[in-house]
1. Of everything in region 62-98, what is more than 22 Å from ARG159 (Cβ to Cβ), of a type outside the set (A, V, I, L, M, F, W, C) and touching a residue at least 40 places away in the same chain (Cβ under 8 Å)? Give them in sequence order.
2. Which residue pairs have Cβ atoms closer than 6 Å, lie 6 or more positions apart in sequence or on different chains, and pair a first residue in region 30-59 that is in the same structural domain as HIS20 (by TED's automatic domain parsing) with a second residue that is among the charged types (D, E, K, R) and in a strand (DSSP E or B)?
3. How many residues are of a type outside the set (A, V, I, L, M, F, W, C) and farther than 20 Å from ASP92 by Cα if we restrict to region 126-154?
4. Can you work out which of the residues in region 8-60 that are in a loop (DSSP other than H, G, I, E, B) and among the charged types (D, E, K, R) is nearest to ILE120 (Cα to Cα)?
5. Report yes if some residue within region 30-41 is among the small types (Gly, Ala, Ser) and under 18 Å from SER167 (Cα atoms); otherwise report no.
6. So which of GLU86, GLU154 ends up being modelled with pLDDT of 95 or more, out of contact with any strand residue (DSSP E or B) (no Cβ under 9 Å at 6 or more places or on another chain) and charged (D, E, K, R)?
Amino acid sequence: MPVQRLNHAVLYVRDVERSHAFYRDILGFRAKVQIPGTAVFLQAEGSTNDHDLGLFQIGAGAGPSTAGRSTVGLYHLAWEVDTLAELSRIRDALLQAGALVGASDHATTKALYAQDPDGIEFEVSWLLTADLITPEVTASAAMTAPLDLEREIERYGARTRGGVGVSVPV
């Protein structure tokens, strides 16, 4: 039987309470199980999964990840939002937290890139619906452009549900 989807991700962090607050306040994750000073298991706002993200504390002395710079390892996790309005809200929260490191238009996805308090990079994106992914859009997906989120909201609508027919069943 082939793999169906990613069930959850686990991150090692320096301070579990600090990281929990970040993922809760910025991305809306809620704690399902907490082991104070050790771990927290978080569920994404729209999820029915037991947990989507686990955070394990390894202490303040932990060195930074060198994955992608001098070692192999995970580049980033990507979280999907339903609407461009939500992507805009998250962009503003990331800016306020000083965590936003980039914003890209990948044609089929509109993406924000950020770093959590430990410098672990993640992506938050909105996906075009399947009916909007034409051969022309697919061909242009190889080209990354700066994201103009306000223009994309005008183009697709702030409340248009993304990913329908792609990651969200029709």
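The values are calculated or read from the model by the stated rules, or taken from the named source; none is laboratory data. Because the structure is predicted, anything quoted here is derived from the model rather than measured. All Cβ positions, even for glycine, are placed from backbone atoms using ideal geometry, and neighbour counts span all protein chains on display.
1. PRO64, SER65, TYR75, HIS76
2. PHE41/LYS32; GLN43/ARG30; GLN43/LYS32; HIS51/LYS32
3. Result for region 126-154: 8.
4. Only one residue tops the list, namely ARG14.
5. Checked against the condition, which is being among the small types (Gly, Ala, Ser) and under 18 Å from SER167 (Cα atoms), region 30-41 yields no hits at all.
6. Only one candidate passes the filter, namely GLU154.
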